[in-house]
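Asker: Following this message is one structure expressed as structure tokens.
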Amino acid sequence: MTHVIGTAGHVDHGKSALVQAMTGINPDRLKEEQEREMTIDLGFAWLTLPSGERVGIVDVPGHKDFIKNMLAGVGGIDAALFVVAADEGVMPQTREHLAILDLLKVPGGVVAVTKIDLVEDQEWLELVMADLAEQLTGSCLERAEIIPVSARTGEGLPELIAALDRYLTTSAARPDLGRPRLPIDRVFTIAGFGTVVTGTLIEGTLQVGQEVEILPQGLKARIRGLQTHKQKIDVAVPGSRVAVNLTGVSTDQLRRGDVVTMPGWLRPTTLVDVRLHYLADNPRPLRHNTQVDFFSGAAEVVARVRLLGQETLQPGQTGWRVSVSYTHLRAHETR
């Protein structure tokens, strides 16, 4: 069984430092991130749990200016590693990231209260923990274990890793329906190998030598090689983080949000019908024909919301008949 964990939480609450302390891998791969000591784009690491399972970790930005990058990373995760700093407690992006996890129906995860080495007052820590538990009530993390940790001293890290292992042990395996979908979140070139893309394999398997199609462009390619956690593999299984070496396509033909799949079963579309839940903390109603950002997998496109049978959707309401139309083609399953 293979799982992917995604971080979430407010900026500067120690998500990347926690991932590095757990795995020995710095997920902040960009020079600018390391210079600014702030995550800007998606980072990746992996970890072997006490049970022996090797899991992938997607580290996401916490700053509100990079929320779109965060959304590109958490769409395919099996569990959340939700991070709240002990010295600050619940903050705006804490609530925003929790709402995103709920909307994406992430099944659950573990909560880490970080930077406990900065808190000398035990009563303050207890207040933070109580406020956090209240914020989690009614969310996908309502029953999550809350583990106090310090990435600097290592206190609580074994307990946190054990809690993640316990949670994932009870999680269902990703379905393998024989129809692979890998939303691309990175595109780059490796000298001597050519085009490489990475992503989380949502379902199905990919294997070396297989012919694939990249949508929405309809490009045909062949898999030259596969890796997971920097280890060569012949077959990638559902739920794994995968690097795919492709022949027949160049990096300038691909972008984040494209989908690697088997030929012939997905088709691009510019219109989808959705059940839209409008969060209660929005300051104004959502009006018919409003322009929005639409996220699907790792893709982001500009779209318009078309409310059917009503002109507005009030904060906290759910629209049962909503169409979303967008101008850039995206790949959606045809059933």
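The values are calculated or read from the model by the stated rules, or taken from the named source; none is laboratory data. All of these numbers come straight from a predicted model, not from anything done at the bench. So basically every Cβ, Gly included, is an ideal-geometry build from the backbone, and we count neighbours across all protein chains shown. These area figures cover heavy atoms from the full protein model, side chains too; ligands, DNA and RNA do not enter into them. Shrake-Rupley method; radii C 1.70, N 1.55, O 1.52, S 1.80 Å.
Asker: Anything in segment 8-26 that is under 14 Å from GLY154 (Cβ atoms), touching a residue at least 60 places away in the same chain (Cβ under 8 Å), open to solvent by 10 Å² or more (accessible area, probe 1.4 Å) and touching a strand residue (DSSP E or B) at 6+ places or on another chain (Cβ under 9 Å)? List them, or say none.
Answerer: GLY14, ALA17, GLN20, MET22
Asker: Let me ask another. Against the definition (touching a Gly at 6+ places or on another chain (Cβ under 9 Å), over 16 Å from ARG181 (Cα atoms) and open to solvent by 30 Å² or more (accessible area, probe 1.4 Å)), how does GLU311 come out, yes or no? Spell out the reasoning first.
Answerer: On the way: touching a Gly at 6+ places or on another chain (Cβ under 9 Å): no; over 16 Å from ARG181 (Cα atoms): yes; open to solvent by 30 Å² or more (accessible area, probe 1.4 Å): yes.
Answer is no for this residue.
Asker: Check whether at least one residue in segment 29-42 is free of Cβ contacts under 8 Å to residues at least 40 places away in the same chain, at negative phi, in contact with a Lys or Arg (Cβ under 9 Å, 6 or more places away or on another chain) and assigned to a loop (DSSP other than H, G, I, E, B), and report yes or no.
Answerer: If we filter segment 29-42 for residues that are free of Cβ contacts under 8 Å to residues at least 40 places away in the same chain, which is where we start, we get 29-41.
Right, trim to at negative phi and you get 29-36, 38-41.
Filter once more, keeping what is in contact with a Lys or Arg (Cβ under 9 Å, 6 or more places away or on another chain): 39, 41.
Next cut, assigned to a loop (DSSP other than H, G, I, E, B) only: 39, 41.
Looking for residues that are free of Cβ contacts under 8 Å to residues at least 40 places away in the same chain, at negative phi, in contact with a Lys or Arg (Cβ under 9 Å, 6 or more places away or on another chain) and assigned to a loop (DSSP other than H, G, I, E, B), one finds at least one in segment 29-42, hence yes.
Asker: Still on this model: Do the conditions hold for ILE223, that is, is it farther than 16 Å from ILE77 by Cβ, open to solvent by less than 70 Å² (accessible area, probe 1.4 Å) and in a strand (DSSP E or B)? Explain how you work it out, then say what you get.
Answerer: Numbers: farther than 16 Å from ILE77 by Cβ: yes; open to solvent by less than 70 Å² (accessible area, probe 1.4 Å): yes; in a strand (DSSP E or B): yes.
Yes, satisfied.
Asker: Would you please name the residue that is most open to solvent (accessible area, probe 1.4 Å), looking only at residues in segment 142-185 that are hydroxyl-bearing (Ser, Thr, Tyr) and either assigned to a loop (DSSP other than H, G, I, E, B) or touching a helix residue (DSSP H, G or I) at 6+ places or on another chain (Cβ under 9 Å) (or both)? It would help to see each step written out before you state the result.
Answerer: Going through segment 142-185, the residues hydroxyl-bearing (Ser, Thr, Tyr) turn out to be 150, 153, 167, 169-171.
Cutting the leftovers down to either assigned to a loop (DSSP other than H, G, I, E, B) or touching a helix residue (DSSP H, G or I) at 6+ places or on another chain (Cβ under 9 Å) (or both) gives us 150, 153, 170-171.
Values: SER150: 0, THR153: 78, THR170: 110, SER171: 22 Å².
Checked segment 142-185; the qualifying residue most open to solvent (accessible area, probe 1.4 Å) is THR170.
Asker: Next question, about the same structure. Within the group LEU276, LEU271, which residue is among the hydrophobic types (A, V, I, L, M, F, W, C) and open to solvent by 80 Å² or more (accessible area, probe 1.4 Å)? Walk me through how you get there before you give the answer.
Answerer: Working: LEU276 fails: open to solvent by 80 Å² or more (accessible area, probe 1.4 Å).
Exactly one of LEU276, LEU271 is among the hydrophobic types (A, V, I, L, M, F, W, C) and open to solvent by 80 Å² or more (accessible area, probe 1.4 Å), namely LEU271.
Asker: How many of the residues making up segment 196-220 are in a strand (DSSP E or B), without any contact (Cβ under 8 Å) to a residue 40 or more places away in the chain and under 27 Å from ALA172 (Cα atoms)?
Answerer: Step one: of segment 196-220, the residues in a strand (DSSP E or B) are 196-200, 203, 206-207, 211-215, 219-220.
Next, only the ones that are without any contact (Cβ under 8 Å) to a residue 40 or more places away in the chain stay: 203, 207, 219.
Keeping just the survivors that are under 27 Å from ALA172 (Cα atoms) gives 203, 207.
Going through segment 196-220 one residue at a time, the tally reaches 2.
Asker: Which numbered condition trips up PRO216, out of (1) closer than 26 Å to ALA191 by Cα; (2) buried (at least 19 other Cβ atoms within 10 Å of the Cβ)?
Answerer: (1)
Asker: Does any residue of segment 94-116 turn out to be farther than 25 Å from HIS277 by Cα, assigned to a helix (DSSP H, G or I) and open to solvent by less than 50 Å² (accessible area, probe 1.4 Å)?
Answerer: yes
Asker: Out of segment 230-241, which residues are open to solvent by 30 Å² or more (accessible area, probe 1.4 Å) and not charged (D, E, K, R)? Steps first, answer last, please.
Answerer: Step one: filter segment 230-241 for residues open to solvent by 30 Å² or more (accessible area, probe 1.4 Å), giving 230-235, 237.
Of everything in segment 230-241, those that are open to solvent by 30 Å² or more (accessible area, probe 1.4 Å) and not charged (D, E, K, R) turn out to be GLN231, ILE233, VAL235, VAL237.
Asker: Still on this structure: For segment 273-300, which residues satisfy the criterion of being of a type in the set (Val, Ile, Thr) and either modelled with pLDDT of 85 or more or part of a loop (DSSP other than H, G, I, E, B) (or both)? Spell out how you get there, then give the answer.
Answerer: Filtering segment 273-300 down to residues of a type in the set (Val, Ile, Thr) leaves 274, 290, 292.
Correct list: THR290, VAL292.
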